[in-house]
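Notes follow the structure.
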Amino acid sequence: MRWTQTLIPTLKEVPADAEIVSHQLLVRAGLVRKLAGGLYTFLPLGLRSLNKVAQIVREEMNRAGAIEVSMPCLQPPEIWQASGRYETMRDALCRVKDRAQKEWILGPTHEEVITTLAAGEMNSYKQFPKNFYQVGIKFRDEIRPRFGLMRAKEFIMKDAYSFDTTDAGAMESYKKMYDAYTRIFSRCGLQAFPVEADTGVIGGNHSHEFMVPAATGENDVVYCEKCGYAANIEKAISGVPRTAAREVGPEVEKFATPGVVTIEALSKAPYSVPANRQIKTLVYIADSQPVLILLRGDDQLNETKFMARTGAIAVRPADAKNAADQALFAALGAQPGSLGAVRNVPSDWKVYADERLQGANDMTTGANEDGYHFRNVSIERDIRVTAWFDLRTVTVGEPCAKCGGSLKIRRAIEVGHVFKLGTKYSEPLNATFLDENGQRHPSVMGCYGIGVTRTLQAVIEQGNDKDGVVWPVSVAPYQVCLTPLSVAPGSAPMELAEKLYAELTAAGIEVILDDRDERPGVKFKDSELVGFPIRVGIGEKSLAKGEVEIKPRSGAIQAVKIEAAASTVIEWVQSELKRLSPQAPVAA
RNA sequence: CGGGACGUGGCUCAGCCUGGUAGAGCGCUUGGUUUGGGACCAAGAUGUCGCAGGUUCAAAUCCUGUCGUCCCGACCA
């Protein structure tokens, strides 16, 4: 491709609406342009890189035995009602109406569609196992799209769905995808690692996310360097000890704490109750029902755990500023800051307590009377706890639950997610098969997603420097940029550039020839901004010495004899591709 | 949905407080000089100052509303 024949609108200045470096570079390097919030047009170079990620995904999915299909974006709401997600994912669904005012859903994911297909076509155990995948557009009504392609209203996703006859078979399918994902991200030059994850509204009972470490990521990952434990903070557990039991105190005692409405205030003089001897009482509304959540004063609630443990679909904290919620505080008898669960708790309210409080005594908590607290509280003696769960958020430095090592936390971008679904969709949508004995069973499913557009941006987020993008050769829009410093037809640099272009192209190398009549500085800066992995500089100066200049994007310029230029470039590209290919190939 | 910031030429921004002629740099067009790290000179084109009301003799500027964008939170595969 010649530079002048495509469209590469590079920008010197940082776009005002791009916050993180990968988003800035996507725009500055002329890869994408925004149409509206969360909606992007892919320009020629951006599309090339996107397609390369998609191609790597396809190759590895095929290698793992998955088969490609293509499903409609426009989906009937009926199948969403059947699975129950018409309600549970309601807020994330983009809905449209046709001329007859019939509602359609712009698919955010395709479990319902593929399961409907399987229900019709996969009726015998002899047809199993199968793993269907597609690469296509997904729609999410994101509350707040941000960071360019990272969280968009419309994006490209690879989604795969496996169907097995047994749980063990489903585990095997899961493992194949897990391995394929490892290979995919490795080939994209990404340092991605799997972590244990919550299953959210997708459902199922076993799940890993593939994370790319990045300060700008939207996820916190808890990990242990000693044993390799890693989990999304929404799921992570730790080995923190339970609250130390003390000698059982006397009766609960009320004491005045005028104006004290925070854990911190109570921990200071004259009260001096350490946060770890306080019980924090939160009022939540879970699926329209008020509940109390008890945590130790120095712990934070993990809402994802709360939802996962209780099965709640919609939860929110009661809001003292919300008139409707005031009735809840009135029922308890106090405002936030003086709440507790020792008395005044309506008998139909569930009280969930974090396991760290099990057996705790000599605790202090709100008295459900503004300006008063109780001390000498023994939680099992004085509080009606409906159920004990792990509800707290892990913090840095806590002991690993598996090995006792010190846990760390880092930010990361979620680029892939694998789920073992079980029969969550096959049962309601009647995806059943007959076994050898003529018995009908629901198929055992798994689902596996990769955010292709997000992966592309993650590659940039991980690969850049002050001059621009630093692409891995596997994902770069072009592998080589030929930069003749004179483009006059018939000039020596241009003649050689044309010759190298033909040779490299014939060898299967992807080349762009910068045939713009621009000054050298402009061409060098642009090639670095766009980030082509290798640049061949062809100017009168080096030609006079019988040489060209080969400059890897992240390495030093080297002078190479003209005769050796093409072979040097070819070898370099091939060795880079080999370096990015996974060490241990998986058998098909 | 709550909090905050911002909407001025294709891009980045100034001007607004204190109302009165719409500006700069980059980019673009033309000509010339340049030509190994984002050149220089000259000439030029490009704006209903997001939109709608209001105040005023007069509004980019003040007021109200609205739409959009970005950030934080909430929320979220």
Do we have any residue at all in the stretch A:481-504 that's away from RNA strand B (no atom under 15 Å from the Cβ), among the small types (Gly, Ala, Ser) and not in a loop (DSSP other than H, G, I, E, B)?
-> yes
Starting from residues that are free of Cβ contacts under 8 Å to residues at least 60 places away in the same chain and among the hydrophobic types (A, V, I, L, M, F, W, C), keep the ones in the stretch A:116-152 and report whichever is surrounded by the most Cβ atoms within 10 Å (Cβ to Cβ).
-> A:117
Those residues of the stretch A:542-576 which are within 12 Å of RNA strand B (Cβ to nearest atom), crowded, with 16+ Cβ neighbours inside 10 Å, under 40 Å from the mean Cα position of the chain (by Cα) and not in a loop (DSSP other than H, G, I, E, B) amount to A:550, A:551, A:552
May I ask you to verify whether residue A:270 is in a loop (DSSP other than H, G, I, E, B), more than 24 Å from residue A:194 (Cβ to Cβ) and without any contact (Cβ under 8 Å) to a residue 60 or more places away in the chain?
-> yes
The stretch A:488-533, subset open to solvent by 60 Å² or more (accessible area, probe 1.4 Å) and in contact (Cβ under 8 Å) with a residue 24 or more places away in the chain, residue farthest from the chain's Cα centre (by Cα) | A:517
Subset of the stretch A:444-470 (residues that are more than 20 Å from the chain's Cα centre (by Cα) and either open to solvent by 10 Å² or more (accessible area, probe 1.4 Å) or at positive phi (or both)) = A:444, A:464, A:465, A:466, A:467, A:468, A:470
Taking the stretch A:312-346 only, how many residues are touching a residue at least 12 places away in the same chain (Cβ under 8 Å) and part of a loop (DSSP other than H, G, I, E, B)?
-> 19
Subset of the stretch A:82-94, residues in contact with a Phe, Trp or Tyr (Cβ under 7 Å, 6 or more places away or on another chain) and not in a helix (DSSP H, G or I), comes to A:94
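Here is a yes/no grid of residues against (1) more than 34 Å from the chain's Cα centre (by Cα); (2) within 27 Å of residue A:90 (Cβ to Cβ); (3) open to solvent by 30 Å² or more (accessible area, probe 1.4 Å):
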| position | (1), (2), (3) |
| --- | --- |
| A:318 | no, yes, no |
| A:324 | yes, yes, yes |
| A:332 | yes, no, no |
| A:343 | yes, no, yes |
| A:348 | yes, yes, yes |
Which ones in the stretch A:226-261 are farther than 30 Å from residue A:194 by Cα and either in contact with a Ser or Thr (Cβ under 8 Å, 6 or more places away or on another chain) or open to solvent by less than 70 Å² (accessible area, probe 1.4 Å) (or both)?
-> A:243, A:244, A:248, A:249, A:252, A:255, A:256, A:257, A:260, A:261
Residue count for the stretch A:22-52, restricted to those that are touching a residue at least 12 places away in the same chain (Cβ under 8 Å), within 15 Å of RNA strand B (Cβ to nearest atom) and either more than 14 Å from residue A:149 (Cα to Cα) or surrounded by 19 or more Cβ atoms within 10 Å (Cβ to Cβ) (or both) | 14
Of (1) more than 16 Å from RNA strand B (Cβ to nearest atom); (2) open to solvent by 30 Å² or more (accessible area, probe 1.4 Å), residue A:64 fails just (2)
Does residue A:12 count as touching a strand residue (DSSP E or B) at 6+ places or on another chain (Cβ under 9 Å) and either open to solvent by less than 40 Å² (accessible area, probe 1.4 Å) or within 13 Å of RNA strand B (Cβ to nearest atom) (or both)?
-> no
Any residue in the stretch A:284-297 that is touching a residue at least 12 places away in the same chain (Cβ under 8 Å), open to solvent by less than 40 Å² (accessible area, probe 1.4 Å), near RNA strand B (Cβ under 10 Å from one of its atoms) and within 22 Å of the chain's Cα centre (by Cα)?
-> no
In the stretch A:512-534, residues that are closer than 20 Å to residue A:48 by Cα and more than 8 Å from RNA strand B (Cβ to nearest atom) total 9
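Residues are listed down the side, and each one gets a yes or a no for (1) within 20 Å of the chain's Cα centre (by Cα); (2) assigned to a helix (DSSP H, G or I):
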position	(1), (2)
A:11	no, no
A:16	no, no
A:34	no, no
A:40	yes, no
A:48	no, yes
A:56	yes, yes
A:65	no, no
A:72	no, no
A:80	no, yes
Go through the stretch A:147-157 and give me each residue that's near RNA strand B (Cβ under 9 Å from one of its atoms) and either small (Gly, Ala, Ser) or closer than 17 Å to residue A:418 by Cα (or both).
-> A:148, A:157
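The values are calculated or read from the model by the stated rules, or taken from the named source; none is laboratory data. In this text, all values refer to a predicted model and were calculated from it rather than measured experimentally. FYI the Cβ positions are ideal-geometry reconstructions off the backbone, even for glycines, and counts take in every protein chain you see. These accessible areas exclude ligands, DNA and RNA; they are computed on the full protein's heavy atoms, side chains included. Shrake-Rupley method; radii C 1.70, N 1.55, O 1.52, S 1.80 Å.
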